[in-house]
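The values are calculated or read from the model by the stated rules, or taken from the named source; none is laboratory data. Note that this is a predicted model, so its numbers are computed, not measured. Because the Cβ atoms are built from the backbone with ideal geometry, glycine has one as well, and the counts that use them run over all protein chains shown. For accessibility, only protein heavy atoms count, side chains too; no ligands or nucleic acids. Shrake-Rupley method; radii C 1.70, N 1.55, O 1.52, S 1.80 Å.
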Amino acid sequence: LTGLCPLAGPSPTSSIHVYTQREVHGTVGSHVTLSCSFWSSEWISEDISVTWHFQAEGSRDSISIFHYAKGQPYIDDVGSFKERMEWVGNPQRKDGSIVIHNLDYTDNGTFTCDVKNPP
């Protein structure tokens, strides 16, 4: 499992810096925490959002597997991560982390955490 740390922000003068672990390792059947912390030069708005994407190893396509917005987590309820993800983040503490339970070989790939703090 690997993580990327993209930068997101509304303008060049106001940015969010997102930090993740470069690599995360887990064993089949166990769980792993995908950490996502961020720093913003602006106050944390009520409209903050956190989105996690997954790109399977060997695939060119990335899919959204988790979204947090308007104070609520929206967990994938149809894909391969169905009923295996847990939101453990707290945006007010600059944390957008998730846990994936019951790891499988098919979970190997790249996970990306994207944070937006409008305006």
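Figures for the structure shown
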| item | result |
| --- | --- |
| Within segment 32-60, tally of residues that are closer than 29 Å to Pro119 by Cα and either of a type in the set (Asp, Glu) or free of Cβ contacts under 8 Å to residues at least 24 places away in the same chain (or both) | 4 |
| All positions within segment 50-85 that are open to solvent by 80 Å² or more (accessible area, probe 1.4 Å) and either acidic (Asp, Glu) or in a strand (DSSP E or B) (or both) | Glu57, Asp61, Ile63, Gln72, Tyr74, Asp77, Glu83 |
| Conditions (1) without any contact (Cβ under 8 Å) to a residue 60 or more places away in the chain; (2) outside any strand (DSSP E or B); (3) open to solvent by 50 Å² or more (accessible area, probe 1.4 Å): number failed by Tyr19 | (2) |
| Looking only at segment 86-112, and only at residues there that are touching a residue at least 12 places away in the same chain (Cβ under 8 Å) and in a helix (DSSP H, G or I), the one that is farthest from the chain's Cα centre (by Cα) | Tyr105 |
| Residue in segment 34-47 that is in contact with a Ser or Thr (Cβ under 6 Å, 6 or more places away or on another chain), among the hydroxyl-bearing types (Ser, Thr, Tyr) and at pLDDT 95 or above present | yes |
| Residues that are aromatic (Phe, Trp, Tyr) and surrounded by 13 or more Cβ atoms within 10 Å (Cβ to Cβ), drawn from segment 32-49 | Phe38 |
| Every residue from segment 78-119 that is more than 30 Å from Ser15 (Cβ to Cβ) and touching a helix residue (DSSP H, G or I) at 6+ places or on another chain (Cβ under 8 Å) | Ser80 |
